[in-house]
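For reference, the structure discussed in these notes is given below.
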Amino acid sequence: MDNSNKLIPVFKTPKFEKVEINENFDVYFINNKFSELISIRLSSNIGTADEFVKGEGYLTSKLLIAGNENQTFKEIFDETDFMGASLNQAISYDSFYLTFFSSKKFIKRGLEIIADCIQKPLFDENEIEKEKTRIESEIMLDLSDTNFLSQQILMKNFFNNHPYGLSKKGKISDLKILNKSNCHSFHSRIMQSKKSLFVAGNFDRNETLEQITQIFNFPNENILEEKPNIIKKEGRSIYLFNKENSGQANLRIGKSATNHNDFNYPALQVVNVLFGGFFMSRLNNILREEKGNTYGIASLISVLKQTNMLIIASTLKEESLGDSINTIIEQMDVLSNEKVEENELNRAKQFTLGSFLRNSETTQQQLNIISNLDNFKLESNYYDKYINSVGNLNLDDLFNAQIKYYKTEDLIISIVGDKKAILPQLQDFSNIYICNEYGEVLEKINS
Amino acid sequence: MKKIILSLFVLFLASNFGLSQSNVIKIEQETLENGLHVIYNVDKSAPVCAVILHYKVGSKDENPQRTGFAHFFEHLMFEATNEIPRSSIGKYINEVGGELNAHTSVDETVFENMVPAHQIKLPLWIESSRMRNLQVEKEGVETQRAIVKEERSNRLDNQPYGDANEKLYSKLFKGSSYEWQTIGSADHINKSEVKEFQNFYNNFYQPNNATLAISGDIDVDSVKKYVKEYFGSIPKSKEPVRFELPVSDYTLGEIKEDVIDPKIQLPAVFVAYRAPNKTDNDAYAAELLIDILSSGASSRLNKKMVEEERIAVQVSMYYDQMEKSGAFVLNALPNQGKKLEDMLEMFDDEIALLIKKGVTDRELEKAKNLKETESIQQTKNVWSKASMLASYHTYYGDAQLINNEIKKYLAVTKADIKKAAEKYFGKKNRVVLYYYQHQK
């Protein structure tokens, strides 16, 4: 059955309306009259990379839903749980989010709750201590997770002293010295950052807008400071955290990639799909299906505001690690020297186009698409153009991206596993460093 | 978890959530002559469709000396068929912009496809091909043996607390087919001959042991023709022979064990109780009971153990519903300096309080509201909707439960919850594991 030449229906960016409340606060409406549910998200363009003191962003973001002038922690969750709603917060390196999800009936109350959380937090001492204890446990759980460790070590050594190189939660020693003033300090920066409110679902637009203008009162100024520049490392380096008797080896490989607005970005995404971005990718086919070295391997373009990264991630049979790294590098070399086949390009294009259709069904998915436009300052028709670009990619376009982004000279490789089993497999490599669980170098191995 | 959409059964909830008849999920069903049951649902939210093929075979149907076969077939089904070369099934789906997946549990093996709606024929053709024309041969078997071994290493052996369920269930369900984990024994898979895999395939992967559910932007009449074209000529098989060792009453009393796991950073307690099976009348009350205890920051256990007494930093509970039995599983991490035994004692006190005084009206209403929102959310996606339709038909013989099951939740009373707690939360009905990084 040959279906490869049938065209996929064209993805269209969900319809939305943007209302500028002031220079520092935008509202986005995504109206879906068929939805029984409502999604509300408040985002701020401040994240853990904007901290003055390590760990304050993560702690503050947790405390913003732990009590305010109008409700205690207990009262907030007694109410939202009773509604069958969910109220959550999240913080990334670049952004902070508050989200409320419920039946459409509770839209007004959801907006009020979010407004109270962001505008009137209490930072109660008792809640701060509780949250610090909880985060300390989270950090300890992270330190037992080899996936987390290998990612942390990669980020540390890819970004050096840039904030992207530090764990979002900080270390336990960072956490211990945080107090109420750190929370107030970080919160004041959230208040003075650029913010956007997204409302998706079935609602009365005018009534909702009136309510928003009444209850949200953000300063009309943006004092966000520039983040430091990223200093890229030259050459290929391996960072190994020794975890004795680990049984398997956890691997990350990182490399610089380009950002959304670069004309090569659609081509890079499509190359990534065929390289390691889907089940039938080159990497998964060789390392899983042919060699049985792993249960799965994936590559992705990790998106950060200041830069994007190509990351390859897998947990591998320990004795196969050296062979697997060599295979990955060989495959990158092949990509940076040879054009792909037409049918492979078509398959990756189709998969990319299909993924947009599959991820635009629900109001939450639609909200995510519009939120990305705002977050990365993209044009309102960015995704429509992007889809068009993907559809028009040819082998030469792809090859340009392959040459530019798949060279293997500047790879940062992080490994978590048993040093005794792993080092003998790395004899062909130089610049091998033993590091601690935070990626800090302890010693260099002589090759 | 069983899911729902809406009902006008209780006026409060109907008005509370503003639900209407327009939310009723319309389905068409047919059973082909070979026994394959097919469910169709039209959903034009997006130009995509989900095709779910649900086989009624899981690890509980396996020979106890050959565990892991059902899961192994989840893998083998991505190998060659008579019509499809090796490593091509994923390619075919991906190249039309679709994605595919599969999962295996103790009771089922499910193959899941999602494609642009105009490509509906492709997953139907693939599923019909691997239903009866899979090439169960040495090359594919050897490849998947290595992958499954890595999967086990990845998911169980090298994860902190990764063997907790295996240890809990081997005791809680001792002597029954729920005693072993779905991934099974690496030794059994390694020892098995290709012929044994072929026999397993011929026994279970038959139209009369399967349900096909299709949801999405489809024309039902056309799709019915495709289904007939691809599946209609497959002959009906005899009923599958199941090894199934029955689940007898739990008689081992309370079991407590220390587990030393050098991979962990924090000690933890895991507790598993025998619970009702998914079709038992108690299942609805049991599900609301677990929600009241542990769902959300305002749940009983979180309020008491994490917020007020601060004996734990994290408490979670879930209800594992299986066809022939069930389990309530608790996991709790202690606060610094707190003992696991004290944490368990506080949990026991909360259960004793619930059994003595029952739950409040507000708690019950909250649990029902939560179910309502969850169910609406789950049925907004064609993939989960098709999965639910196949599951409702397979286990309850009633796909319409996707619209009606809410009534069963709304009918649960405080007395039902109290009764369920009394019945299933006995200390003699449980296994307790204390996880430590080092010997005490």
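The values are calculated or read from the model by the stated rules, or taken from the named source; none is laboratory data. Every value quoted in this text rests on a predicted model; they were computed, and no experiment measured them. For neighbour counting, all protein chains shown are included, and Cβ atoms are generated from backbone atoms with ideal geometry for every residue, glycine included. Only protein heavy atoms, including side chains, enter the accessible area calculation; ligands, DNA and RNA are left aside. Shrake-Rupley method; radii C 1.70, N 1.55, O 1.52, S 1.80 Å.
Annotations
- When each of A:Glu138, A:Glu127 is tested for being touching a residue at least 12 places away in the same chain (Cβ under 8 Å), closer than 15 Å to A:Leu64 by Cα and either touching a strand residue (DSSP E or B) at 6+ places or on another chain (Cβ under 9 Å) or not in a helix (DSSP H, G or I) (or both), the lone residue that passes is A:Glu127.
- Neighbours by Cβ (under 8 Å, 6+ apart or cross-chain): first from the range A:283-299, within 19 Å of A:Ala348 (Cα to Cα) and part of a strand (DSSP E or B); second open to solvent by 10 Å² or more (accessible area, probe 1.4 Å) and among the hydrophobic types (A, V, I, L, M, F, W, C): A:Ile297/A:Ala313; A:Ala298/A:Ala313; A:Ser299/A:Ala313
- Of the residues making up the range B:381-419, those that are within 14 Å of another protein chain (Cβ to nearest Cβ) and in contact with a helix residue (DSSP H, G or I) (Cβ under 8 Å, 6 or more places away or on another chain) are B:Ser384, B:Lys385, B:Ile406, B:Tyr409, B:Leu410.
- Taking first residues from the range B:329-343 that are within 11 Å of chain A (Cβ to nearest Cβ) and partners that are open to solvent by less than 10 Å² (accessible area, probe 1.4 Å) and assigned to a strand (DSSP E or B), the Cβ contacts under 9 Å between residues at least 6 apart in sequence or on separate chains come to B:Leu333/B:Ala268; B:Leu333/B:Val269; B:Leu333/B:Ala312; B:Pro334/B:Ala268; B:Pro334/B:Val269; B:Pro334/B:Ala312; B:Asn335/B:Ala312; B:Lys338/B:Ala312.
- Inside the range B:271-305, residues that are open to solvent by less than 20 Å² (accessible area, probe 1.4 Å) and part of a strand (DSSP E or B) make up a count of 4.
- Criterion (crowded, with 17+ Cβ neighbours inside 10 Å, more than 26 Å from the chain's Cα centre (by Cα) and within 11 Å of chain B (Cβ to nearest Cβ)) met by exactly one of A:Glu290, A:Glu344: A:Glu344
- Exactly one residue out of A:Asn272, A:Asn264, A:Asn284, A:Asn242 is touching a helix residue (DSSP H, G or I) at 6+ places or on another chain (Cβ under 9 Å), assigned by TED's automatic domain parsing to the domain that holds A:Phe376, surrounded by fewer than 22 Cβ atoms within 10 Å (Cβ to Cβ) and farther than 17 Å from A:Phe148 by Cα, and it is A:Asn264.
- Residues in the range B:148-174 that are among the hydroxyl-bearing types (Ser, Thr, Tyr) and either in contact with a His (Cβ under 7 Å, 6 or more places away or on another chain) or more than 10 Å from every other protein chain (Cβ to nearest Cβ) (or both): B:Tyr169, B:Ser170.
- Residue match in the range B:125-137 (condition: facing chain A (nearest Cβ under 7 Å) and more than 18 Å from the chain's Cα centre (by Cα)): yes
- Residue count, the range A:308-341 (criterion: of a type in the set (A, V, I, L, M, F, W, C), in contact with a strand residue (DSSP E or B) (Cβ under 9 Å, 6 or more places away or on another chain) and away from chain B (no Cβ under 14 Å)): 8
- Yes/no for A:Glu318 being over 22 Å from the mean Cα position of the chain (by Cα) and within 19 Å of A:Ser150 (Cβ to Cβ): yes
- Some residue of the range A:161-172 being in contact with a strand residue (DSSP E or B) (Cβ under 7 Å, 6 or more places away or on another chain), open to solvent by 20 Å² or more (accessible area, probe 1.4 Å) and part of a helix (DSSP H, G or I): no
- Among the candidates B:Thr143, B:Thr104, the residue that is open to solvent by less than 30 Å² (accessible area, probe 1.4 Å), over 26 Å from the mean Cα position of the chain (by Cα), in the same structural domain as B:Gly184 (by TED's automatic domain parsing) and among the hydroxyl-bearing types (Ser, Thr, Tyr) is uniquely B:Thr143.
- Pairs meeting the criteria (first residue in the range B:130-142 and in contact (Cβ under 8 Å) with a residue 12 or more places away in the chain, second residue of a type outside the set (A, V, I, L, M) and open to solvent by 80 Å² or more (accessible area, probe 1.4 Å), beta carbons under 8 Å, at least 6 apart or on different chains) are B:Asn133/B:Asn82; B:Asn133/B:Glu83; B:Gln135/B:Asn82.
- Residue among A:Ile177, A:Ile190 that is aliphatic (A, V, I, L, M) and surrounded by 18 or more Cβ atoms within 10 Å (Cβ to Cβ): A:Ile190
- The numbered conditions (1) farther than 23 Å from A:Asn388 by Cα; (2) in contact (Cβ under 8 Å) with a residue 24 or more places away in the chain; (3) open to solvent by 20 Å² or more (accessible area, probe 1.4 Å) are all true for A:Ser324 except (3).
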